[in-house]
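Asks: Mind looking over this structure? Questions follow.
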Amino acid sequence: MLYPNNIGPSLAIDETALSCGELYTIVTNKAGRGGKGTIVAMIRGTKSEEIIEILRMIPQRLRSIVREVTLDLSPTMMKIVRRVFPKAMMTNDRFHVQRLFYEAIDDLRILYRWMARDLENEEIKRCKEEGIEYVPYRYRNGDTRKQLLARSKHILTKNYTKWTDTQRERANILFEVHPELERVYDLSMQLTQIYNYHYQKNVARTKLAQWYNEVEKLDYGCFSTVLDTMSNHYETILNYFINRETNAFAESFNSKVKAFRSQFRGVRDIPFFIFRLSKLCA
């Protein structure tokens, strides 16, 4: 589906699954606010060359209207925007950048959890050999080593001001036992502060570079991947500080599509579903 007249200066591009994991690429106009005039294009698949060929069917004069396109860190989506909307500024969504760092933190937490599991298995084996009852070690809040790490998943992605008393106690124990997790948690809060503060782009570049240097000191492979990704998309990440636009609109529209789909308990006739969606949002 193509609706060239729905093009505006600020667009969002993302992918969504309609049925059984079948992916569609959707280009939306933020000015449509999820109603009429929102859908610019809805194309089956995520292959960049096919999508580029279809989007180029939109007249050049209309594609030149676009000034900014928000998207995630997908190289495929960035290639599409670069080819189809050459005059548009690409802005990587801040929440995808932050989520990438949170995923690295979670990988470190899981690594420690596996180590705690191995230690517990060794202790159980030793107790069996010695013929004594195994009693797991518990911290002052009652958590075992494994439980402490398993129950800290959401603590590490949550601002400390929103912790409950129980979570604060668990976090204090976690950071005493694993100071490396406290260090990376502090870095995640620093990244959030950089995004929340209304810096100009040049100032944000300096702040982000200082934060980048601190992360470089971490000797964990998962954080090297984060740094490499950020380095490859540094300018488009920094473009957020110009207009402070995110891809939240695209994510919200995807949720709206999924909610619409759930009303019919799934999608049996995809063409008819898309037809109804176009009547509501195009």
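Asks: Which percent of the accessible heavy-atom area of the chain goes to carbon and sulfur, probe 1.4 angstrom?
Replies: Carbon and sulfur: 50 percent of the exposed surface of the chain.
Asks: Shape of the range 144-184 from its Cα gyration tensor (a ≥ b ≥ c, root eigenvalues): rounded if a/c is under 1.5, otherwise prolate when a/b > b/c, or oblate? Could you put the intermediate results ahead of the total?
Replies: Numbers: a/c = 1.58, a/b = 1.21, b/c = 1.31.
Oblate is the answer for the range 144-184, as a/c is 1.5 or above yet b/c matches or exceeds a/b.
Asks: Run the simple label-point estimate for LYS217 and TRP114 please: 7 Å along Cα→C-beta, distance reported in nm.
Replies: 2.7
Asks: How high is the FRET efficiency from THR46 to CYS127, r the C-beta distance, R0 45 Å, rounded to 0.05?
Replies: 0.30
Asks: Could I get the Rg over Rh figure for the range 136-222? Both from C-alpha atoms, Rh via Kirkwood, rounded to two places.
Replies: 1.06
Asks: Convex hull over the alpha-carbon atoms of the range 193-282: what's its volume per residue in Å³?
Replies: Once divided by residue count, the hull of the range 193-282 is 166 Å³.
Asks: May I pose another question? I need two numbers for the chain: Rg to one decimal and Dmax as a whole number, Cα atoms only, in Å.
Replies: Expressed in Å, the Cα Rg and Dmax of the chain come to 23.5, 82.
Asks: Multiply the residue gap between ALA31 and ALA259 by 0.36 nm, knock off their C-alpha separation, and tell me the result in nm, one decimal place. Please report the intermediate quantities before stating the final value.
Replies: Details: separation 228, 0.36 × 228 = 82.08 nm, distance 2.10 nm.
That works out to 80.0 nm of additional length.
Asks: Same structure, new question: Peptides 184-191, 78-85: what's the order by average Cβ count within 10 Å, highest mean first?
Replies: For the peptides 184-191, 78-85, the packing ranking is 78-85, 184-191.
Asks: Mark the label point 7 Å from the Cα of ASN172 along Cα→Cβ and return the residues of the range 136-159 whose backbone N is within less than 14 Å of it.
Replies: 140-142
Asks: Can I ask one more? So what's the net charge close to PRO4: Lys and Arg +1, Asp and Glu -1, counting the other residues with Cβ under 12 Å from its Cβ?
Replies: +3
Asks: Run through all the Cα pairs of the range 128-282 and give the fraction in each 10 Å bin from 0, expressed as whole percent.
Replies: Bin by bin from 0 Å, the calculated values are 8, 23, 22, 22, 17, 6, 1, 0.
Asks: Can you tell me the equivalent ellipsoid semi-axes for the range 18-154? Use √(5λ) from the Cα gyration tensor, largest first, whole Å. Present the calculation step by step, with values, prior to reporting the outcome.
Replies: Details: eigenvalues 560, 47, 36 Å².
In descending order the semi-axes read 53, 15, 13 Å.
Asks: Can you order the peptides 131-140, 146-155 by their average number of other Cβ atoms within 10 Å per residue, highest first?
Replies: Put in order of decreasing packing, that is 146-155, 131-140.
Asks: Stretch TYR234-ALA248 to full length: gain in nm at 0.36 nm per residue minus the Cα-Cα span?
Replies: 3.1 nm
Asks: What number results when the radius of gyration of the range 76-149, computed over Cα atoms, is divided by 2.2 N^0.38 Å?
Replies: After normalising by residue count via 2.2 N^0.38 Å, the value is 2.06.
Asks: What is the total of Lys pairs in the range 1-133 with C-alpha atoms under 21 Å apart, excluding same-chain pairs fewer than 8 positions apart?
Replies: Close lysine pairs under the 21 Å cut-off: 4.
Asks: Ok, one more. List, largest first, the extents of the alpha carbons of the range 1-97 along their principal axes, each in whole Å.
Replies: 36, 29, 28
Asks: If you count only protein heavy atoms with a 1.4 Å probe, what accessible area per residue comes out for the chain, rounded to a whole Å²?
Replies: 54
Asks: Grab the beta carbon distance between MET1 and MET189, set R0 = 35 Å, and tell me the FRET efficiency rounded to 0.05.
Replies: The calculated FRET efficiency here is 0.25.
Asks: ALA209: net charge of surrounding residues, Cβ under 15 Å, Lys/Arg +1, Asp/Glu -1, itself excluded? List each step's numbers first, then the result.
Replies: Details: positive: LYS201, ARG205, LYS207, LYS217; negative: GLU214, GLU216, GLU235.
Result for the local shell: +1.
Asks: Continuing with this model, one more query. Find out how many positive minus negative residues lie around ARG63, taking Lys and Arg as positive, Asp and Glu as negative, among other residues whose Cβ is under 14 Å from that of ARG63.
Replies: Cβ neighbours under 14 Å give a net charge of +4.
The values are calculated or read from the model by the stated rules, or taken from the named source; none is laboratory data. No experiment lies behind these values; they were computed from the predicted model shown. Ideal geometry is used to build each Cβ from the backbone, glycine not excepted, and the neighbour counts take in all protein chains shown. With ligands, DNA and RNA removed, areas are computed over all heavy atoms of the protein, side chains included. Shrake-Rupley method; radii C 1.70, N 1.55, O 1.52, S 1.80 Å.
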